[in-house]
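Structure incoming, see below.
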Amino acid sequence: MAEYEQVTQPFAPVYDQNSRILILGSLPSVKSREQGFYYGHARNRFWPMLAAVYEEPLPESIPEKKALLLRHSLAVYDVIESCEIRGSSDSSIRRVKGADIRTIMEHSRIEKILVNGKTAARYFKSYQPAAYQQLLVELPSTSPANAAFSLEKLVQSWGKYLI
């Protein structure tokens, strides 16, 4: 079994003063950390889902991904600042330090907070203030581990909250 590794959030949040919707994952996977950006695993459906919802080409590069987010007033970050984890296994997460999202909230116009999956929702509820929890919408994970949801089902589930 893989050893526990201490992981600290490697990516800055993506947002600007016009961001209205904050999307929070749990923590970047090993593959995302290798790729250098959020949702970098080749089989994660996050970027295909966004492209489908907004009827845009699939962004390939990090600048294209950032541009897609900001063009649609989206912000992206994670709920965990640091933790110990085995590989990318959400079930192995321990010794969590929650992320501080106050700067994002104070320097944008966030109206909704969408969490990407059950793990992100659990840690959001544990570490974020009650004032932010009223904005929370828990959505199905775009992770390849969530095989129960096809890309089409993800587009339907997420799409009603992204417009």
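Please list, by residue number, every one of the trypsin sites (Lys or Arg not before Pro) in the stretch 1-109 that is coil in DSSP and has at most 10 other beta-carbon atoms within 10 Å.
Hits after loop and neighbour filter: 43.
Select from 147, 75, 121 the residue whose mean-square fluctuation is largest in a Gaussian network model of the chain (Cα-Cα springs shorter than 10 Å).
Judging by the Gaussian network model, the answer is 147.
Build a GNM of the chain with springs between Cα atoms under 10 Å: which of 144, 63, 28 gets the top mean-square fluctuation?
Highest fluctuation among the options: 63.
Any chance you could count the Lys pairs in the chain whose alpha carbons are under 26 Å apart, treating pairs 8 or more apart or on different chains as valid?
Total qualifying Lys-Lys pairs in the chain comes to 25.
Now for a separate question. If I stretch the segment between residue 5 and residue 112 completely, what's the gain in nm (0.36 nm per residue apart, minus their alpha carbon distance), one decimal?
Here the segment from residue 5 to residue 112 would lengthen by 35.3 nm.
Sticking with this one: Within the stretch 4-63, list the GluC sites (Glu not before Pro) lying in a DSSP loop whose Cβ has at most 16 other Cβ atoms in a 10 Å radius.
Counting only loop positions with at most 16 other Cβ atoms within 10 Å, the GluC sites (Glu not before Pro) in the stretch 4-63 are 55, 60.
Over the stretch 1-124, what lengths in whole Å, largest first, do the semi-axes of the equivalent ellipsoid take, defined as the square roots of 5 times the eigenvalues of the alpha-carbon gyration tensor?
24, 18, 12
Using the 10 angstrom Cβ neighbour count as an exposure proxy, how do 27, 68, 135 rank, fewest first?
135, 68, 27
A further question follows. Looking at the chain, send over the antiparallel percent of its DSSP beta bridges, to the nearest 5.
Counting only bridges with both partners in the chain, antiparallel ones make up about 40 percent.
Go through 67, 107, 127 and say which Cα lies farthest out towards the positive end of the charge dipole of the chain; charges sit on Cβ, +1 for Lys and Arg, -1 for Asp and Glu.
Selected residue: 127.
Helix-only mean residue ellipticity at 222 nm, the chain, DSSP H runs n ≥ 4 weighted -39,500 (n - 2.57), per residue, nearest 500. What is it?
Helices in the chain give a 222 nm mean residue ellipticity of -9000 deg cm²/dmol.
Okay, next question. Which number comes out as Rg/Rh for the stretch 1-68 once both Rg and the Kirkwood Rh are worked out on C-alpha atoms?
That ratio is 0.99, to two decimals.
Can you sort 103, 142 from fewest to most other Cβ atoms within 10 Å of each residue's own Cβ?
With the sparsest Cβ surroundings first, the list reads 103, 142.
Could you size up the charge dipole of the stretch 4-157 around its Cα centre, putting +1 on the beta carbon of Lys and Arg and -1 on that of Asp and Glu, and report it in debye to the nearest 20?
340
Let me ask something additional. How big is the dipole moment of the stretch 37-112 about its Cα centre under a simple scheme where the beta carbon of each Lys and Arg is +1, that of each Asp and Glu is -1, and everything else is neutral? Debye, nearest 20, please.
200
Laboratory data are not the source of any read-out in this text; all were calculated from the coordinates shown. Computed from a predicted model, the values in this text were never measured in an experiment. Here Cβ is always computed from backbone atoms with ideal geometry, including for glycine, and neighbour counts include all displayed protein chains.
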